[in-house]
Amino acid sequence: MKDNYVTEKQDHVASAQKDSTPKKDRPWLFRTYSGHSSATESNKLYRSNLEKGQTGLSVAFDLPTQTGYDSDHSLARGEVGKVGVPISHLGDMETLLDGIPLDKMNTSMTINAPAAWLLALYIATAEKQGIDRKALTGTIQNDIIKEYLSRGTYIFPPAASLRLITDVVSFTYNEVPKWNPMNICSYHLQEAGATPVQELAFALANAIEVLDLVRPQVPEADFPTVVGRISFFVNAGVKFVTEMCKMRAFTELWDEICRTRYGVEDPKLRRFRYGVQVNSLGLTEQQPENNVYRILLEMLAVTLSKNARARAVQLPAWNEALGLPRPWDQQWSLRLQQIVAYESDLLEYGDLFDGSPVVEAKVKELKAAALEELKTIDDMGGAVAAVENSYMKRRLVESNSERLTAIEAGEQIVVGVNKYVEAEASPLTATDDAIMTVDASAESAKISALEQWRGTRDAAAVADALAALTAAAKNGDNIMEPSIACAHAGVTTGEWSGVLRDVFGEYRAPTGVGGSGSVSGESIQRIQGRVADLEDVLGTRLKMLVGKPGLDGHSNGAEQIAVRARDAGIEVVYEGIRLTPAEIVAAAGQEDVHVVGLSILSGSHITLVADIVKQMAEAGLSDVPVVVGGIIPPEDEKTLLASGVAAVYTPKDFDINKILDNIVDIVEGVHKRAA
């Protein structure tokens, strides 16, 4: 009896406790942005991460894939498998996703100019697995407009790019209804220097541009469904209170736009659905172990507020300012997400900030400023017009310049960079294997496999599929079904993009480095004086070529060097991104420059710099010094210096004035030796 009573009492207490325990919300999707070397190696990484508790895939493609080139194209040299996985054809996509049931997986693919093609390959892979395309769940970025402003993986002119975006959107809402056909991406805007207001306004302007074009292409009754499938991909910096308020502003502004501009009545279809990768721009090479805390704080911005919480989160690794993260580094970031989701009580409560006057005031301030910026863009004719006239790009360059100037002046504190710089040696970076390096043989192996693929496919089927794609592109028909047919026929990424390059042409976006001087003060004035004195010695103004060789489109650093060098009185030659070594060498000779500065962040620095130095020597320009900036490991820095490079600058060299001072030293030294 006593035993029964105790048992009944315990059951009653347990029941009461169960009833009073808050119901936990479901966690966001845990993702890790990854891919490297080859489809085989990336598949191993994906399956390993899924076994560790990752709940969604986030595919990083290499630069040749992102810019629509096959791995054996001349511009792909040194770039294959460096910043992501090379995908040249259906066989690669099948290998990448081998053993991963696509009807049960939520996959995000960060791809833009060739987004229609990579989605076609994904659909074709699912069909070969026997999976109905309607069962597929995931997201494709497909935000080509922001590629003109940051990251630089655009191919075609804006009108053609918008055509491709709208083709994907109008195709998927019926054919792949659980797929997000466009991920409006403000992440790279912040990486390029955008303020919270600019991130809000520019991203929403991009979304409006696309939806205005899609609207007449679908039945009126279906349009709210189309609007409901548009998703966003945002950034979150270390000022996490402001960033959290930015996310609340995003949700409110998007709801208003959907309701008032597009007449969407269903609140579910007006939801601001977004994924996030928190800020990489603020990760430091100095004391990189501090980056773990930065990443955690940034994650709070997109998880603390329930009403503005991310649907999917992927975190960078602590060592991304040093190079490519290892699987262990990615695991550390995944565990951070899991601890917040499962060990804390965050998911047991409603929104923590509803009714906060501080939060409400900041959200109101951000919304008002964003709406004002949106009106400015709208008055210009929309987002594409603001790209073509360089307005948005120029504003990003200016904002980034202001950010860097504040760090240089100590007005914006970055621990370990401009304050508290003395530190114990970190055991995390004490060995030579603190980052992953891609095996140099991966590129040659990929090229050999690609040649074999071309040699074993049905050439007639390929020709027919490409002819159908050409006709669709020329006639204005939706290109998705012809692209899926191309995938099944064995067409390659370069062949698909080549057809569209022939039909649509290619494009070079404005650089945004024009305008007035960005800084003043004693330091820049001293450099201006040195440049003026050097002019008397050289007999002409010091001239510097700033070059972006290869396919790396991350131009922020090059732009800031170009702007500041111009402010210092240096004549600057800067023609933007995606130049071949031969084009850079030719420009150096034609412009009669005194120094060549190369910016490379894709890991291809050894190959590209060696090629440029060799070609400069062959062109009789061996007396023109070459300096290099980028994410360059110490061992690679030694290799570059030994090859004849005059100086190497990495993220630790944050003071641009000091870099320019050093460049003036180098040119002076060359002239003295020549004299």
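The values are calculated or read from the model by the stated rules, or taken from the named source; none is laboratory data. Here the structure is a predicted model, which is why all the values come from computation and not from measurement. Note that we place each Cβ from the backbone using ideal geometry, even for glycine, and neighbour counts take in every protein chain shown. Surface accessibility is based on the protein's heavy atoms, side chains included, excluding ligands, DNA and RNA. Shrake-Rupley method; radii C 1.70, N 1.55, O 1.52, S 1.80 Å.
Using a probe radius of 1.4 angstrom, the carbon and sulfur fraction of the accessible surface of the range 531-609 is 48%. Compute log10 of I(q)/I(0) for the range 427-575 with the Debye formula, placing one identical point scatterer on every Cα and leaving out solvent, at q = 0.12, 0.15, 0.20 Å⁻¹, to two decimals. Each listed q corresponds, in turn, to -0.83, -0.93, -1.17.
Note on the range 48-149: Cα Rg divided by 2.2 N^0.38 Å, N the number of residues, gives 1.08. With respect to the chain, whose longest principal axis is taken over its alpha-carbon atoms, helix 240-260 is tilted by about 70°. The candidates 262, 349, arranged from most to least accessible area with a 1.4 Å probe in the full protein assembly, appear as 349, 262. Both radii were evaluated on the Cα set of the range 299-431; the Rg over Rh quotient, with Rh as the Kirkwood radius, amounts to 1.04.
Computed from Cα positions, the angle between helix 556-567 and the longest principal axis of the chain comes to roughly 40 degrees. The long axis of helix 605-618 is offset from the longest Cα principal axis of the chain by roughly 20 degrees.
With all pairs of different C-alpha atoms in the average, the Kirkwood value for the hydrodynamic radius of the range 97-155 is 12.3 Å. Per residue, the chain exposes 40 Å² of solvent-accessible protein surface, assessed with a 1.4 angstrom probe and all protein chains in place. Given +1 at the Cβ of Lys and Arg, -1 at the Cβ of Asp and Glu and no other charges, the dipole of the chain around its Cα centre is 1280 debye to the nearest 20. Please report the net charge: other residues with Cβ closer than 12 Å to the Cβ of residue 400, K and R +1, D and E -1. Taking every other residue near residue 400 into account, the sum is +1.
For the Cα trace of the range 298-346, dividing Rg by the Kirkwood Rh returns an Rg/Rh value of 1.02. In the chain, a dipole from Cβ-located charges (positive for Lys and Arg, negative for Asp and Glu) runs towards its positive end, and of 334, 317, 112 it is 334 whose Cα lies farthest in that direction.
Once both labels are positioned 7 Å from their Cα atoms along Cα-to-Cβ, the gap between residue 413 and residue 582 label points is 5.4 nm. What a 1.4 Å probe finds exposed on the range 362-477 is 51% carbon and sulfur by accessible area, rounded to a whole percent. With contacts taken as Cα pairs under 8 Å and at least 6 residues apart, the chain reaches a relative contact order of 15 percent. In order along the range 505-512, the Karplus-derived 3J(HN,Hα) couplings, from 6.51 cos²θ - 1.76 cosθ + 1.60 at θ = phi - 60°, round to x, 10, 9, 10, 7, x, 7, x Hz, and Gly and Pro are given as x. Placing +1 on the Cβ of every Lys and Arg and -1 on the Cβ of every Asp and Glu, with nothing else charged, gives the range 410-513 a dipole about its Cα centre of roughly 400 debye.
Sorting 114-125, 66-77 by average packing, meaning the other beta carbons within 10 Å per residue, from highest down gives 114-125, 66-77.
First compute the accessible area of the range 180-292 with a 1.4 Å probe, then give the percent of it belonging to carbon and sulfur atoms. Ligands and nucleic acids excluded, carbon and sulfur reach 52 percent. In terms of the Cα gyration tensor, with a ≥ b ≥ c the square roots of its eigenvalues, is the chain rounded because a/c is under 1.5, prolate because a/b exceeds b/c, or oblate? Prolate.
Gyration tensor over the Cα atoms of the range 523-572: the corresponding equivalent ellipsoid has semi-axes (square roots of 5 times the eigenvalues, largest first) of 25, 13, 5 Å.
Here the range 326-341 and the range 599-644 have alpha carbon centers that stand 35 Å from each other. Counted over all Cα-Cα pairs of the range 522-675, pairs farther apart than 25 Å make up 21 percent. Considering the range 472-533, its Cα convex hull presents a mean projected area of 8.5 nm².
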